[in-house]
Amino acid sequence: MGPRILVTGALGQIGTELVEALGEKHGQESVIATDVRSAPGCRILDVMDSAGIQSLVKGEEITEIYHLAALLSATGERNPDLCWKINVEGLENIIAAAQANGCKVFAPSSIAVFGPDCPSVAPQVTPLNPATVYGKTKVVCEQLAMTAGIDMRGLRYPGLISYKAPAGGGTTDYAVEIFHAALAEGHYTCFVREDTRLPMMYMDDAIRATLELMEVSSEKLGGARGGYNIAGCSFTAGELVASIQRHLPEFTCSYEPDVRQKYADSWPDDIEDDLAREEWGWAPQFDLDSMVDAMFAGLQA
Ligand code: NAD
Ligand code: AKB
């Protein structure tokens, strides 16, 4: 028997593609997509509804949970109390259901766990003093993975770039929005400075990393199991513009930094992912130009 899978936050940027990938791997009938919003093929489940989660997990004999429901950094800093509630209490509800029903859990972390005291290339092990509430909730998430007494795993996703669903209220959203603006308007007003460098990753790499991590036998995973660093490609906003101009030479970008610049400045430029490479064979496939090529191919298809 294959796994019975629950995905929370399934209508978001990652869920849109992860549900598809899990369905291809394990069969569509094995995957139950849920979100607080409604859409065809997706059940309503609010991660604050502890009883609802328990009943669904038990009733559907769920064995694996991919817990994607969260508020991201920009939305989270505008609503810090709600961000803490959804990201921490929501996760606690998922963990309680997993403990009661023997489920394995994937709960994503983020490069937002790092703070201004982190080296510009973030090591796997370094003090975690994030400047945002969102980052703090992700540190708690990683700690819970180590103490919950269940098989819980996570990745410190960089900013994710994809074309199938919009980015969901984060600081790295400019690296997604820019493609839509480039094609629709020929111009983008970017909310971070041209020299802002952040770790980023094309969604195909992120989905593959997620599936690979969840496949690895538990004994191979050490103390980073709650949040492995995984690097994709690191680039400045200006370098992204130059890569887009290979496709659209007339494309222009202006820069009007807002409050999200502060969050971006508190995160590292790049990340070291040696441990993920050693322990479970992680390797990215997309660099800046191949990611941009894939975005244009996807958006123009
Ligand atoms: P997203 O904002 O696109 O999607 C989140 C989904 O959660 C939305 O569909 C939303 O409706 C749903 N949701 C919100 N509140 C809910 C609730 N109370 N109950 C149930 N569902 C609720 O986010 P995403 O980009 O898909 O991110 C998924 C996870 O990955 C999050 O934990 C996020 O922190 C993490 N992550 C994302 C990125 C990225 O660049 N996308 C990077 C690092 C980490
Ligand atoms: C955000 O910008 O909030 C997310 C993330 C890096 O966690 N994309």
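The values are calculated or read from the model by the stated rules, or taken from the named source; none is laboratory data. Note that the structure is a prediction, hence the values are computed from the model and not measured. Cβ sites come from the backbone with ideal geometry, for glycine too, and all protein chains shown count toward neighbours. For accessibility, only protein heavy atoms count, side chains too; no ligands or nucleic acids. Shrake-Rupley method; radii C 1.70, N 1.55, O 1.52, S 1.80 Å.
Scanning region 264-292 for residues that are in a helix (DSSP H, G or I), within 30 Å of Leu183 (Cβ to Cβ) and not hydroxyl-bearing (Ser, Thr, Tyr) yields Ala264, Asp265, Leu288, Asp289, Met291, Val292.
Contact map, region 243-272: residues that are within 16 Å of ligand 2 (Cβ to nearest atom) paired with residues that are part of a loop (DSSP other than H, G, I, E, B) and open to solvent by 70 Å² or more (accessible area, probe 1.4 Å), Cβ distance under 7 Å, separation 6+ or inter-chain. Pairs shown: Pro257/Arg193; Gln261/Arg193; Ser266/Pro116. For region 246-266, a residue qualifies if it is out of contact with any Cys (no Cβ under 6 Å at 6 or more places or on another chain), open to solvent by 20 Å² or more (accessible area, probe 1.4 Å) and either within 16 Å of ligand 1 (Cβ to nearest atom) or over 17 Å from Ile161 (Cβ atoms) (or both), and the qualifying residues are Pro249, Glu250, Thr252, Ser254, Glu256, Pro257, Asp258, Val259, Arg260, Lys262, Tyr263, Asp265. Scanning region 273-285 for residues that are touching a residue at least 12 places away in the same chain (Cβ under 8 Å) and closer than 18 Å to Tyr202 by Cβ gives Asp273, Ala276, Trp282, Pro284, Gln285.
Name the single residue that is most open to solvent (accessible area, probe 1.4 Å) among those in region 145-169 being more than 9 Å from ligand 2 (Cβ to nearest atom) and within 20 Å of Ala242 (Cβ to Cβ). Looking at the filtered set, the residue picked out is Tyr163.
Determine if region 220-235 includes at least one residue that is among the β-branched types (Val, Ile, Thr) and out of contact with any strand residue (DSSP E or B) (no Cβ under 9 Å at 6 or more places or on another chain). Looking through region 220-235, none of the residues is among the β-branched types (Val, Ile, Thr) and out of contact with any strand residue (DSSP E or B) (no Cβ under 9 Å at 6 or more places or on another chain).
Out of the residues in region 124-168 that are assigned to a loop (DSSP other than H, G, I, E, B) and of a type in the set (D, E, K, R), state the one that is nearest to Arg78 (Cα to Cα). Out of the qualifying residues, it is Lys164. Regarding region 231-239, can at least one residue be identified that is open to solvent by 10 Å² or more (accessible area, probe 1.4 Å) and of a type in the set (A, V, I, L, M, F, W, C)? Within region 231-239, one or more residues are open to solvent by 10 Å² or more (accessible area, probe 1.4 Å) and of a type in the set (A, V, I, L, M, F, W, C). Condition first: assigned to a helix (DSSP H, G or I), more than 16 Å from ligand 2 (Cβ to nearest atom) and touching a strand residue (DSSP E or B) at 6+ places or on another chain (Cβ under 6 Å). Can you find one or more residues in region 68-86 that meet it? No, the conditions are met nowhere in region 68-86.
Just one of the listed residues (Tyr157, Tyr163) is over 20 Å from Pro257 (Cβ atoms) and either without any contact (Cβ under 8 Å) to a residue 40 or more places away in the chain or touching a Gly at 6+ places or on another chain (Cβ under 6 Å) (or both), and it is Tyr163. Taken over region 222-258, the residue count meeting the criterion of being of a type in the set (Lys, Arg) and not assigned by TED's automatic domain parsing to the domain that holds Asp289 is 1. Suppose the filter is in contact (Cβ under 8 Å) with a residue 24 or more places away in the chain, part of a helix (DSSP H, G or I), away from ligand 2 (no atom under 16 Å from the Cβ) and under 22 Å from Ala167 (Cα atoms); does Ala33 pass it? Criteria not met by Ala33. The conditions of being surrounded by 14 or more Cβ atoms within 10 Å (Cβ to Cβ), touching a Phe, Trp or Tyr at 6+ places or on another chain (Cβ under 8 Å) and in a helix (DSSP H, G or I) are met by Met295. In region 1-15, the qualifying residues are those that are out of contact with any Pro (no Cβ under 8 Å at 6 or more places or on another chain) and of a type in the set (A, V, I, L, M, F, W, C), and the one that is surrounded by the fewest Cβ atoms within 10 Å (Cβ to Cβ) is Met1. One residue stands out among those in region 170-185 that are farther than 27 Å from Cys83 by Cα and out of contact with any strand residue (DSSP E or B) (no Cβ under 7 Å at 6 or more places or on another chain): the one that is least open to solvent (accessible area, probe 1.4 Å), which is Phe179.
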